[in-house]
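First up is the structure itself, then whatever we jot down about it.
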Amino acid sequence: MAPAPSDVIPDPPADVVERLGGALAEVGIPLQPARVFAALLATEDGRRTSAQLVELLDISPAAVSGAVRYLSQVRMIRRERERGSRRDVYVALDDAWHDMMMQTEQLYAPILAALVVARDSVGARSRAGERMQLSAEFLEFIQREMDAVARRWDDYKAARAVG
């Protein structure tokens, strides 16, 4: 079922999408996921189907598929079923940065475990072992700090909603 003309949300300006996507790619997000996220973020309703993203970004369906898989894994978007259709709609999460950055446990746990095993293998008192221990302590520190940041962010959002 096609939306009524009044329900059609215009695409964001291409230069906005490309500038934002390029900035995200420069800091390490793969290019196509960066462009897809930029397009969703800059679209008024934050929603687009795969076909709409293909057209908007002039990329292949496979590129969209890979990009949305990446963005879903890092919790920056979610997939919904379009009402009355079998098509999926990809939605930018309003608080995507928070959700992505608060995944410290999932991100750091495997690295921490590997660092501990490696440290023990090379010897905790060796120079390499000391470097690995310092790395592990840094990641543990970051996890604690991110928990505190998340609490402050929640307080900020609550105050923002009231004000």
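Only the coordinates and a few stated rules stand behind these numbers; no lab work does. All figures in this text were calculated on a predicted structure; none of them were measured in a lab. Glycine also receives a Cβ, built like all others from the backbone with ideal geometry; neighbour counts cover every protein chain displayed.
Quick notes
- ³J(HN,Hα) computed for each position of the stretch 62-69 - Karplus, 6.51 cos²θ - 1.76 cosθ + 1.60, integer Hz, glycine/proline x: 5, 5, 5, 4, x, 5, 6, 5
- 3J(HN,Hα) couplings calculated from phi for the stretch 102-117 with the Karplus curve 6.51 cos²θ - 1.76 cosθ + 1.60 (θ = phi - 60°) are, in sequence order, 8, 7, 4, 4, 5, 6, 8, 4, x, 5, 4, 4, 5, 4, 5, 4 Hz; Gly and Pro show x.
- Extension gain (nm, one decimal) between Arg87 and Glu145, 0.36 nm per residue minus Cα-Cα: 16.9 nm
- Percent of C-alpha pairs per 10 Å bin, the stretch 1-112, short to long: 14, 46, 29, 9, 1, 0
- Alpha-carbon centroid distance for the pair the stretch 90-163 / the stretch 24-53, whole angstrom: 25 Å
- Rounded to whole Hz, the Karplus (6.51, -1.76, 1.60) HN-Hα couplings of the stretch 14-28, x for glycine and proline: 4, 5, 5, 4, 5, 5, 5, x, x, 5, 5, 5, 5, 9, x
- For the stretch 71-163: rounded, prolate or oblate by the Cα gyration tensor [a/c cutoff 1.5]: oblate
- Between Thr49 and Tyr90, the built amide H atoms are under 5 Å apart, and every one of these is 5 or more places off in sequence or on another chain.
- Contour minus Cα-Cα distance for Phe138 and Ala113 (0.36 nm per residue): 7.7 nm
- Assigned charges on the beta-carbon of Lys, Arg, Asp, Glu; the stretch 1-103 dipole about Cα centre (debye): 480 debye
- Pairwise FRET efficiency - Trp153 versus Ile9, Cβ, R0 = 30 Å, nearest 0.05: 0.60
- Estimated from helical segments only, the mean residue ellipticity of the chain at 222 nm is -21500 deg cm²/dmol, where each DSSP H run of four or more residues counts as -39500 (n - 2.57).
- Ile9, Ile29, Ile59, Ile77 arranged by Cβ crowding within 10 Å, fewest neighbours leading: Ile9, Ile59, Ile29, Ile77
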